[in-house]
Every structure is written in structure tokens, then in C-alpha cells.
Amino acid sequence: GYVYGVPWGDAGLHTNRATRPSGVYGMVKRACEEALLLQARRGLRMQILRLFNVYGPGQEKAVTYKSTLFLDKLRQLSDARQGEVIPVASPEWVTRDFIYISDVAAAFIGVMETRQLRKAYPAIINVGMGVPITVGAALAQLAEAAGRADVSFSYAKEAFPWDVGRNRQAPYYAGGQV
């Protein structure tokens, strides 16, 4: 979602929507896409997959805030004392579109197989589930699954200026279809 920037509504982020990165991270990602598209005009056969919020095995090796949010909170839930309040660096209302790593792998395989047949180069494809969930709802589910109803969360009042507060892809790739 960072390539798109701050969304204008809840319609979902679709590849035909204009990009307006709101931070350095999104700007760098978009610049990399432009470099690849330039090479595609020179004959490079490639696809660009815009991954939404990926989670799953290997996440513990990640170093970014977003990729470790739930892993860190799970650790904090495990170590928390009864009644403890765990701080969260984003507001409760921030929305994400999470996709499991095996679904991402399936998307890569599907794109390689499908695009080789169609010879449609280049293409930009969103890879997410198209199902929004707030950070608050996701952490509540995590606490419930961990059996820690005795612990609560304290959310930030405002999102970071560069954060994409409502991050949901339009249903272009959803549930394993390319």
C-alpha cells in the first residue's frame, strides 16, 4: 500500500489507481518499479507484484516495525503480567490487508505460469487477500487466541504521517486467483 500513499476512501487499492507515495519507503518502492518498467520497455520480460502485509514463518528475522508488529505483541502477551497494558505504536483504527506467506508464494507461482502463457509484459499485480482488518481487531484476536483476555492494549492517538492508514487491496488477486 505504500506505493499508493494515503488512500482517498475504502474502495481498496487497485493497480489502475494513481500512486502518491507519502513517505520515503513508498517513494523508493515506486522508483524501483519505474526502473523495472524502463527496462521492460527495452525488452525485459517481468512482472511487478505489490505485496500487502505478509505474515508467517521467517517473520522473526524481519527488522521492520510493520512486519514484526504481531510477533512482538505475541511475545509481550506471553510475558505480560495480569492486567498489564501493552503499548501499540499505531492507532486502533489503522486497517491492514494481511496475507499469509504461502499465499504469496502461490501468487508468484500463479503469475509465472499464467503470464508465460499470455506473454503479457509488463504487468503490475496487487497481492493481498482483499479483506481489511483493523490493528485493534487483529490484536484482540491475537490476545484471545493466546488466552490473554486479562491483558489490554494502549494505542497511539495518531498514525505516523507517512503511514497508509487504510490498507486494503482491491480484489484483483484474492484467495489464490491470478
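The values are calculated or read from the model by the stated rules, or taken from the named source; none is laboratory data. Just so it is clear, the structure is predicted and the values come from calculations on it, not from any experiment. We place every Cβ from the backbone using ideal geometry, glycine too, and count neighbours over all the protein chains shown. Keep in mind that these areas ignore ligands, DNA and RNA; they rest on the heavy atoms of the full protein, side chains included. Shrake-Rupley method; radii C 1.70, N 1.55, O 1.52, S 1.80 Å.
Glu34 meets all of the listed conditions (1) over 24 Å from Ala106 (Cβ atoms); (2) at pLDDT below 80; (3) open to solvent by 70 Å² or more (accessible area, probe 1.4 Å) but one, namely (2).
Set side by side, the residues Ala106, Ala143, Ala137, Ala89 differ, and just one is modelled with pLDDT of 85 or more and surrounded by fewer than 16 Cβ atoms within 10 Å (Cβ to Cβ), which is Ala137. Scanning the range 1-19 turns up one or more residues that are of a type in the set (D, E, K, R), at pLDDT below 80 and assigned to a loop (DSSP other than H, G, I, E, B). For Arg45, the requirement of being outside any helix (DSSP H, G or I), of a type in the set (Lys, Arg) and either surrounded by 13 or more Cβ atoms within 10 Å (Cβ to Cβ) or modelled with pLDDT of 85 or more (or both) is not met. When each of Val111, Val151 is tested for being at pLDDT below 85 and aliphatic (A, V, I, L, M), the lone residue that passes is Val111.
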